[in-house]
Amino acid sequence: MIEFVGELPQEWQQKGEQLRRDAAEKGWSRPQAERKPPGSRSEVAFKLWVPEPELQVLLPVIKGLTKLTPSNRMSAGQALFLVGMPHEECYATDEGRDVKCY
């Protein structure tokens with residue numbers, strides 16, 4: 001999960017370390033040398049499955065929407081801005097997570 005979406009939120013760090021130790025004791029974890037940097041798997045997978053250059057703008061949107069902590073996630077309005085959706089056509093609601101179009 002860390003390789004795909006990035007580091008765990010601060011409040012999850014202690015539990016994450018305990019899970020890593022438990023996995024290592026049971027032989028379930030990969031050696032440190034085989035681990036990829038946080039967030040790198042999402043980039044590799046996206047570039048492999050979505051090779052079209054015009055769709056590459058979606059990668060930061062996907063990364064912004066898949067943050068582990070909801071308060072750190074990108075709002076729908078921010079996502080629309082990144083993909084170039086004119087704000088006259090769509091806008092984020094007061095909650096910042098929904099989008100209304102007219």
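The values are calculated or read from the model by the stated rules, or taken from the named source; none is laboratory data. None of these values were measured; they are calculated from a predicted model. Cβ coordinates were reconstructed from backbone atoms using ideal geometry, including for glycine residues, and neighbour counts include every protein chain displayed. Surface areas here come from the heavy atoms of the whole protein model, side chains and all, with no ligands, DNA or RNA. Shrake-Rupley method; radii C 1.70, N 1.55, O 1.52, S 1.80 Å.
My understanding is that a pair violates if its Cα-Cα distance is over 23 Å; which of K15/K67; K26/K47; K26/K67 do that in this structure?
Distance filter (> 23 Å) returns K26/K47; K26/K67.
Would you mind working out the accessible area per residue for region 39-80, using a 1.4 Å probe, and quoting it in Å²?
Spelled out: the 1.4 Å probe surface of region 39-80, per residue, equals 63 Å².
Can you pull out the trypsin sites (Lys or Arg not before Pro) in region 1-31 that DSSP calls coil and that have at most 15 other Cβ atoms within 10 Å?
K26
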